[in-house]
Amino acid sequence: MTAQDMTQLSSDVAAKSIIWFDIDNTLYPASSRIDQLMSQRIQAYFRGLGLDHDEATRLHAKYYREYGLAIRGLTRHHIIDPVDFDQKCDGSLPLEDILKPNPALRKMLQDIDRSKARVWALTNANINHASRVLRNLGIDDLFEGVVYCDYSIPNFACKPEHEFYEHAMARAAVTNPTQCLFVDDSLKNVRAAKALGWGSSVYFREKDANRPDAEGVGVDATISDLEELRTVWAHLFKPSATEVGEGPGPSLPNGPIETTVQA
């Protein structure tokens, strides 16, 4: 590739919007109960530190509330091995038994016009968990990259901290926040993106989800089905794909893109 070609490629990438998808409870339904299974494993991990049930429950809730992730509190206040935590909690989840390929989700992602938008994942999970979810849903080849949390790095950032979003933009080589579009099932995560000036921040609230925040006040849109993105971001979908049920769309050229980046 010539220097001119590389300059043109860089220019083309810079001109595109970038769609950031949260992974857990967004790309698959909360009814999968993966978060409950994860919570049980984290609770057991706390108990394994010698804490009784009540103290484990208290600290689990406290660390999640104060740090966004239980492991961030654990690494600050306890002597633990993050790799051991990952293996016993995220790594032990039976994702292969729970998550199956989702043709409708794949079709929606395929119908995004890649000449106008890049597609990345933005998750508070680590890369092993993120990769397993995307692979089991049959959509891993449709993401250009994944920005994730590396539990082995002390004091790593995560959503909804501004540092995490800024780091994600840097990793994806995005300098203009208005080019970023984001969908997440956490209202505070979506609001944080909007506060940073991201171009479109969409709150995903699954139908019948047991949440008090029924409407996403302070965000650009609230949806209950990812198919609604065809309307919310209609300008980034292929013209023939704004109606659900059109013919199958192609996947990304040259097969899966293996890029993964850490936060």
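FYI, it's all coordinate maths here, none of it is from the lab. These numbers were taken from a predicted model, which means no experiment stands behind them. For neighbour counting, all protein chains shown are included, and Cβ atoms are generated from backbone atoms with ideal geometry for every residue, glycine included.
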- Message: How charged is the neighbourhood of N126? Take every other residue with its Cβ under 11 Å from the Cβ of N126, and add Lys/Arg as +1 and Asp/Glu as -1.
- Response: -2
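Packing-wise, with mean Cβ within 10 Å as the measure, how do 178-187, 63-72 rank, highest first?
The densest-packed peptide leads the list: 178-187, 63-72.
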- Principal axis dimensions, largest first and in whole angstrom, of the range 34-95 by Cα: 28, 23, 21
- Relative to the compact globular guide of 2.2 N^0.38 Å, what is the alpha carbon radius of gyration of the range 1-137, as a ratio? 1.36
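Pull out the extension gain between E166 and H53, defined as 0.36 nm times the separation in residues minus the alpha carbon to alpha carbon distance; nm, one decimal. Intermediate values should be presented prior to the final figure.
Numbers: separation 113, 0.36 × 113 = 40.68 nm, distance 3.78 nm.
Full-extension gain reported as 36.9 nm.
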- Can you give the Rg to Rh ratio for the range 113-228, taking only C-alpha atoms and Rh from Kirkwood? 0.95
- Note on the structure: Residue-ordered couplings for the range 164-177, obtained by feeding phi - 60° into the Karplus form 6.51 cos²θ - 1.76 cosθ + 1.60 and rounding to whole Hz (Gly and Pro as x), are 5, 5, 5, 5, 4, 4, 5, 5, 8, 6, 10, 10, 9, x
- Message: Please list, ordered by chain and number, the residues whose modelled amide H lies under 5 Å from the amide H of C158; skip anything fewer than 5 residues away on the same chain.
- Response: F164
- Message: Taking only the Cα atoms of the range 83-153, how large is their convex hull per residue, in Å³?
- Response: 79
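When Lys and Arg each count +1 and Asp and Glu each count -1, what net charge do the other residues less than 14 Å away from L37, Cβ to Cβ, add up to?
Details: positive: R33, R41, K88, R132; negative: D24, D35, D90, E96, D97.
Local charge sum for L37: -1.
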- If we sort 15-23, 161-169, 76-84 on the protection proxy, mean other Cβ atoms within 10 Å, highest first, what's the order? 15-23, 161-169, 76-84
- So what J values fall out for the range 77-87 if you push phi through Karplus, 6.51 cos²θ - 1.76 cosθ + 1.60 with θ = phi - 60°, rounded to Hz, Gly and Pro as x? 10, 9, 8, 9, 9, x, 5, 5, 4, 4, 5
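Express the relative contact order of the range 34-95 as a whole percentage, based on alpha carbon pairs under 8 Å and six or more residues apart in sequence.
Over the range 34-95, the number comes to 38 percent.
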